[in-house]
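Step one of this worksheet: look at the structure below.
What follows is calculated from the coordinates using simple rules that are stated; it is not laboratory data. Since we're looking at a predicted model, the values are computed, not measured. Methodologically, a virtual Cβ is constructed for each residue, glycine included, from the backbone with ideal geometry; neighbour enumeration extends over all protein chains shown.
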Amino acid sequence: MSWNFLEKTGKVKLKHSFSDSVKMINTEHWTAVVKEKNIYFSLPYLQALEDALRGSLNFRYIVFYSEEYKPVGIAVVQILDFIDNKEKYNDALCVVGTKIKHKLLGHIDIKVMVCGNVFATGENGFLYSDEIDPEDAYINLSNALYRLRRSERINGQVSIILLKEFWPTSYKKVDVLKVHEFRSFNIDVNMVLKIHESWHSMNDYLDSMISKFRTKAKSVYKRSADLVVEEMSAPEIEENLTKVEDLYESVVEQAEFRFGELNGQSFVNFKKRLGDKFIFKGYFLEDKLVGFSSAFVSPNFIDANYVGLDYSINHDYSLYQRMLYDYTELAINNGVKELRLGRTAEEIKSCIGAEPIDMKLYVKHRNSVSNKLIKPIIESISPSKFELRKPFKVSFAS
């Protein structure tokens, strides 16, 4: 299938520019598209990430322009080295990458180009203005990624392009990518707690629960009473950097796969550049840091991000469960519409009222033969099974 032909499938052909550093981006053009819609597209966030992880990841940024050179879209791309047996990345990329690698590619090292954010779930890779038709937007994105992949040959061949990850409301629009031979598949659900308009405090939230789950919540608060929870500044995170990294690594090691591993400096950078839009809470027991939680605050939602845990005290002090309730209180106090808790630990997250939302990814291999062979592998991937709990007296899902 010819790319020249594919370019004609859209009504509009957009111009685009590539940058390999946030510092090279035209700030005015980028912010004209983003308009504070998503913190993961903000230049302070991207700069903090790039500063902390430069050398371990390659970052690329795309700006799309209309014929009048008006900025109408942006994309964030990360290029990862996928290395045998080190399990450096998790979630969708590793699930797909491992199976493709061993069944199709043997034992060679490969590069993966991700349009999205390997450190956060959701639609954090591509944003376009309302004046652009969705079909045109995604066809132009596909063409730009194709050109970007070809330009990366001097740094090693990119074998896989992965677009992560889309909410159900976007499936119809994004499915146009199948014209460009992208394959879609569902990854584990994103657990999301809808914040009901009647919840003005944690008491309101707890009162909406059936007695069994309200009693469970009170038990968590009782068992965690000796924990001191403090919001930490950038200097305080830096002072505890070694411990923060140890706690973070203890959680990362529990994952079957690793995908998008940060370092302690990332949290320091986020706090310095984002201020109140990045929340980092330390959990102390007898003046010792035994856990931390982090979250990004957007206008309509809070995204619970990475946590660190001392598993030796986790059970006795209900540390992780306490973090989940603290996330809930943070969302209520900030007046957002939802709390996004991400994947993993689905059942325990459903105990606080989070509901599963399906997430879809799209993948394409550079080799047309291998791309056809991807289909049965992807069809064999299915989200994890878990028992969904229903803690509320009435449904607040809508």
Legend entry - At R0 = 51 Å, FRET efficiency that the Cβ-Cβ distance of S198 and R150 yields, to 0.05: 0.40
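If a/c stays under 1.5 just call it rounded; otherwise compare a/b with b/c (prolate if a/b is bigger, oblate if not). Do that for the stretch 192-356, with a ≥ b ≥ c from the square roots of the Cα gyration tensor eigenvalues. Walk me through the numbers before you get to the answer.
On the way: a/c = 1.57, a/b = 1.31, b/c = 1.19.
Prolate shape, in that a/c is at least 1.5 and a/b is the bigger ratio.
Greater than 22 Å separation of Cα atoms is the criterion. Which listed pairs, K194/K222; K216/K288; K35/K337; K243/K349, meet it?
Values: K194/K222 25 Å; K216/K288 26 Å; K35/K337 19 Å; K243/K349 26 Å.
Long pairs (Cα-Cα over 22 Å): K194/K222; K216/K288; K243/K349.
Quick one: dipole size for the stretch 192-356, taken about the Cα centre, charges +1 on Lys/Arg Cβ and -1 on Asp/Glu Cβ, in debye to the nearest 20.
Details: 20 positive and 27 negative charges, 107 e Å.
Dipole about the Cα centre, nearest 20: 520 debye.
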Legend entry - Label-zone membership for the stretch 39-68, site K15, 7 angstrom Cα→C-beta point, backbone N under 19 Å: 61-68
Inset, instruction - Name the residue farthest towards the positive end of the dipole of the stretch 160-206 from the options H200, V179, T169, assuming +1 on Cβ of Lys and Arg, -1 on Cβ of Asp and Glu, about the Cα centre. - result: V179
Inset, instruction - Determine the percent antiparallel among the DSSP beta bridges restricted to the stretch 192-356, to the nearest 5. - result: 90 percent
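In debye, nearest 20: dipole of the stretch 39-82 around its Cα centre with unit charges on the Cβ of K, R (+) and D, E (-)? Please list the in-between numbers first.
On the way: 3 positive and 5 negative charges, 9 e Å.
Using only the charged Cβ atoms, the result is roughly 40 debye.
Restricting to Cα pairs below 8 Å that are 6+ residues apart, what does the relative contact order work out to for the stretch 192-356? Please round to a whole percent.
Working: 236 pairs, mean separation 51.5, N = 165.
Averaging sequence separation for qualifying contacts and normalising by length gives 31 percent for the stretch 192-356.
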